[in-house]
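Report on one structure; see the data block that follows.
The values are calculated or read from the model by the stated rules, or taken from the named source; none is laboratory data. Given the structure is predicted, the values throughout are model-derived calculations rather than measurements. All Cβ positions, even for glycine, are placed from backbone atoms using ideal geometry, and neighbour counts span all protein chains on display.
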Amino acid sequence: MYYLYNLLTAPGVIVHELSHAVFCLFAGVKIYKIKLFGFGQTAGYVVHEEAKKFYQGFLISVGPLLINSFLALFLFAKFTEPYLTGINAVYLWLGFAIGMHAIPSGEDSKALLRLANYRFKRNPLVIFGYPLILAMYILYLLKRWHIDIVFVGFLFWLGNIYLKG
């Protein structure tokens, strides 16, 4: 079952890691190594230099939440009910797979917390980032109770029902 889930949601892992990479490039943080997908304890990763400024680490950490969520919203908005054939099935599958990997990982949250603690003395405004870091941790911990499925359901509702008007 584990391998089937990983295989079905592989596009989400790939988009998640590419999101980190895009925001590394946007923030001017050098990338050393990228693994877009694989079976194992870590499905993918981006190894990059340490962010020197808080905003860089912030963008890199929340990149998947932004890009995966917006992409899933777009795909769900393209889905037309009640037909689950052809391109509709692809929109639904990709929206689900990409949305399931929108929530930042525990390592994303830990990296941002380390950076916030390090940068706090130089930039006290970093204190405004702590509630977001806490929210990222809570979302990550709630993945044990499948909050990611609830999140994807919310994205589906927002994209397929609300955005279509």
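For the reader, a short list of remarks on this structure follows.
- Condition met for residue 90 (among the β-branched types (Val, Ile, Thr), surrounded by fewer than 20 Cβ atoms within 10 Å (Cβ to Cβ) and assigned to a helix (DSSP H, G or I)): yes
- Within the set 111, 72, the sole residue that is modelled with pLDDT of 95 or more, among the hydrophobic types (A, V, I, L, M, F, W, C) and touching a Gly at 6+ places or on another chain (Cβ under 9 Å) turns out to be 72.
- So residue 95, is it surrounded by fewer than 16 Cβ atoms within 10 Å (Cβ to Cβ) and small (Gly, Ala, Ser): no
- Residues of the range 1-36 that turn out to be at pLDDT below 90 and either closer than 20 Å to residue 106 by Cα or of a type in the set (S, T, N, Q) (or both), as a count: 3
- The requirement of being among the aliphatic types (A, V, I, L, M) and within 14 Å of residue 65 (Cβ to Cβ) is not satisfied by residue 134.
- Subset of the range 21-54 that is in contact (Cβ under 8 Å) with a residue 60 or more places away in the chain and surrounded by 20 or more Cβ atoms within 10 Å (Cβ to Cβ) - its residue that is nearest to residue 9 (Cα to Cα): 51
- Here residue 130 clears all of (1) closer than 27 Å to residue 95 by Cα; (2) touching a helix residue (DSSP H, G or I) at 6+ places or on another chain (Cβ under 8 Å); (3) of a type outside the set (D, E, K, R) except the condition numbered (1).
- Residue in the range 131-165 that is farthest from residue 109 (Cα to Cα), counting only those that are outside any helix (DSSP H, G or I) and touching a residue at least 40 places away in the same chain (Cβ under 8 Å): 164
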